[in-house]
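Peer 1: The structure is given below, and queries will be raised subsequently.
The values are calculated or read from the model by the stated rules, or taken from the named source; none is laboratory data. Quantities reported herein were computed from a predicted structural model and do not represent experimental measurements. Positions of Cβ are generated from backbone atoms using ideal geometry, with glycine treated the same way; all protein chains shown enter the neighbour counts. These area figures cover heavy atoms from the full protein model, side chains too; ligands, DNA and RNA do not enter into them. Shrake-Rupley method; radii C 1.70, N 1.55, O 1.52, S 1.80 Å.
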Amino acid sequence: MSGSGDGLVVDSIARSFNGQKAVDHVSFEVRPGELVALVGASGSGKTTTLRIVAGYEQPDSGRVLFSGQDITRLGPSKRDFGMVFQHYALFPHMSVAENVAFGLEARGVRRPDRVQRAIAALDRVGLGGKGERMVQQLSGGEQQRVALARAAVIDPRLLLLDEPLSNLDPALRQSTRDELRTTLKESKAPALFVTHDQDDAFAIADRIVLLSRGRVLQDGSPEDLYDRPATRDVAMFIGHATLIPARRNGDSAAVTIAGATHNVGLSSFAGIADGGAGAIVLRPEAVEIAGDDSGDRWNATVTGRRFAGAQFVYRLRLDGDIVFDVASRDRIETGEVVAVRVTRPVPMVP
């Protein structure tokens, strides 16, 4: 990467611990005003990458640039980045407003200005009027917003967030996703956040950098990774997917199951040449239980089901131990044989 942009550029950084590569030549950008998620399973290198960007860790090789300036060897305090830690790192002996103003005090801002800016920052995250409370009096979601206000009040050039929603219960987590995205967008600062939860990334990020074993598997919008996965690993990590062997046939894939071959429409095919082998990525929304005899169909056995409010989600098994989920409002018993067909184009991966 050239590093000529106005935002953050991570250029081929690498870091090893005890001979094991934690980050293996990772490159990506965070453009002005953009929200980017580093996503991956435990051990994928996402937290180490974030720490290198923050300045808490030095790369063995590669560069970190911001607005075209090489900041690789600058300490955290000289980068003017705001950091929201996984456990928030709030001071229990301080009030909410004092916690928010702490970074301003460390920068030598006068007390009247600190108070004014802290109040404004709390207003922006929906905590106006709660500045005098102690942090222990706040809910987990409110504490998360205090940590965000403390990071944003210093007018950082970049916001960094380490698993910002991991400490919230499921119900609060869902509502906080939208609030966090709105707050980050209103801050105008670009943001880079780490999460292992793809639902968090889909709800908040403009773009996702998916890591595995210290390497970038794919860098793109949530829609890109879901609808156009570059590899089988991406397809299996993002969403709920079953991979079925197939061969590209123009804009379709020829799929043979139990001796029956049908053509399935493709939405993308990751550079697979016509006639080339690969696998289609079958997701629940691409398949339906056939209610008539039209179209290409396969028979499947219902092996399980779960109630999901407005519909059931059925676990189906095709010949050859191919198992996948499909949603339906029909009430079907376990053990029944049903006809299924693919109703939406699906991606194909090598």
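Peer 1: Return the pair list, or none, for Cβ contacts closer than 9 Å from residues in the range 154-179 that are at negative phi to residues that are of a type in the set (D, E, K, R) and open to solvent by less than 10 Å² (accessible area, probe 1.4 Å), at least 6 apart or on different chains.
Peer 2: Listed pairs, sorted by first residue: P156/R79; R157/R79; L158/R79; P164/D200; L165/D200; S166/D200; R173/D200; R177/D200.
Peer 1: Kindly list, by first and then second residue, each pair from a residue in the range 64-93 that is in contact (Cβ under 8 Å) with a residue 24 or more places away in the chain and more than 25 Å from Q143 (Cβ to Cβ) to a residue that is acidic (D, E) and open to solvent by 30 Å² or more (accessible area, probe 1.4 Å), limited to pairs with Cβ atoms under 6 Å and residues at least 6 apart or on different chains.
Peer 2: Within 6 Å, the pairs are S67/D6.
Peer 1: Something else about it: Counting only residues that are within 23 Å of G131 (Cα to Cα) and among the small types (G, A, S), which one in the range 149-196 is nearest to the chain's Cα centre (by Cα)?
Peer 2: S175
Peer 1: Name the residues in the range 107-143 that are out of contact with any strand residue (DSSP E or B) (no Cβ under 8 Å at 6 or more places or on another chain), open to solvent by 60 Å² or more (accessible area, probe 1.4 Å) and closer than 23 Å to S166 by Cα, would you?
Peer 2: Result: R124, Q136, Q137.
Peer 1: Then there's this: Output the qualifying pairs, or none if there are none: Cβ atoms under 7 angstrom, residues six or more apart or on different chains, first residue in the range 131-153 and closer than 23 Å to L192 by Cβ, second residue among the polar types (S, T, N, Q) and open to solvent by 30 Å² or more (accessible area, probe 1.4 Å).
Peer 2: Matching pairs, first to second residue: G140/N167; A152/S187.
Peer 1: For the condition closer than 17 Å to Q86 by Cα and in a loop (DSSP other than H, G, I, E, B), what is the one hit in P164, P156?
Peer 2: Exactly one residue qualifies, and that residue is P164.
Peer 1: Another question, if that's okay. If a residue has to be surrounded by fewer than 19 Cβ atoms within 10 Å (Cβ to Cβ), farther than 16 Å from A41 by Cβ and of a type outside the set (S, T, Y) to count, how many in the range 213-236 make the cut?
Peer 2: Within the range 213-236, residues that are surrounded by fewer than 19 Cβ atoms within 10 Å (Cβ to Cβ), farther than 16 Å from A41 by Cβ and of a type outside the set (S, T, Y) number 5.
Peer 1: Which of (1) touching a Gly at 6+ places or on another chain (Cβ under 9 Å); (2) surrounded by fewer than 16 Cβ atoms within 10 Å (Cβ to Cβ); (3) more than 25 Å from V146 (Cα to Cα) does K185 not meet, given it meets every other one?
Peer 2: (3)
Peer 1: Contact list please: Cβ distance under 8 Å, first residue in the range 22-44 and over 25 Å from G239 (Cβ atoms) and touching a residue at least 60 places away in the same chain (Cβ under 8 Å), second residue among the hydroxyl-bearing types (S, T, Y) and buried (at least 19 other Cβ atoms within 10 Å of the Cβ), pairs at least six apart or on different chains.
Peer 2: Final answer for the pair search is A22/T48; V23/T48; V23/T49.
Peer 1: Could I ask something else about it? Could you check how many residues of the range 297-318 are surrounded by 14 or more Cβ atoms within 10 Å (Cβ to Cβ) and not in a strand (DSSP E or B)?
Peer 2: Residues meeting the conditions: 1.
Peer 1: Is it true that L210 is open to solvent by less than 10 Å² (accessible area, probe 1.4 Å), over 19 Å from A286 (Cα atoms) and in a strand (DSSP E or B)?
Peer 2: Yes, satisfied.
Peer 1: To continue, here is another question. Which of (1) out of contact with any Leu (no Cβ under 7 Å at 6 or more places or on another chain); (2) more than 18 Å from F85 (Cα to Cα); (3) part of a helix (DSSP H, G or I) is the odd one out, the single condition G129 does not satisfy?
Peer 2: Every listed condition holds for G129 apart from (3).
Peer 1: Of all residues in the range 237-272 being open to solvent by 50 Å² or more (accessible area, probe 1.4 Å) and outside any loop (DSSP other than H, G, I, E, B), which is nearest to D325 (Cα to Cα)?
Peer 2: Once the filter is applied, the top-ranked residue is F237.
Peer 1: Evaluate the range 288-296: report whether one residue or more is closer than 17 Å to P350 by Cα and in contact with a Lys or Arg (Cβ under 7 Å, 6 or more places away or on another chain).
Peer 2: No.
Peer 1: Filter the range 187-212 down to residues that are in contact with an Asp or Glu (Cβ under 7 Å, 6 or more places away or on another chain) and farther than 17 Å from R173 by Cβ and give me whichever is modelled with the lowest pLDDT.
Peer 2: The residue in question is P190.
Peer 1: With the structure loaded, tell me whether D178 is in a helix (DSSP H, G or I), farther than 25 Å from G7 by Cβ and charged (D, E, K, R) or whether it fails that test.
Peer 2: Considered against the rule, which asks whether it is in a helix (DSSP H, G or I), farther than 25 Å from G7 by Cβ and charged (D, E, K, R), D178 comes out as no.
Peer 1: Could you list, in sequence order, the residues of the range 58-70 that are at pLDDT 95 or above, surrounded by fewer than 20 Cβ atoms within 10 Å (Cβ to Cβ) and outside any strand (DSSP E or B)?
Peer 2: Q58, D60
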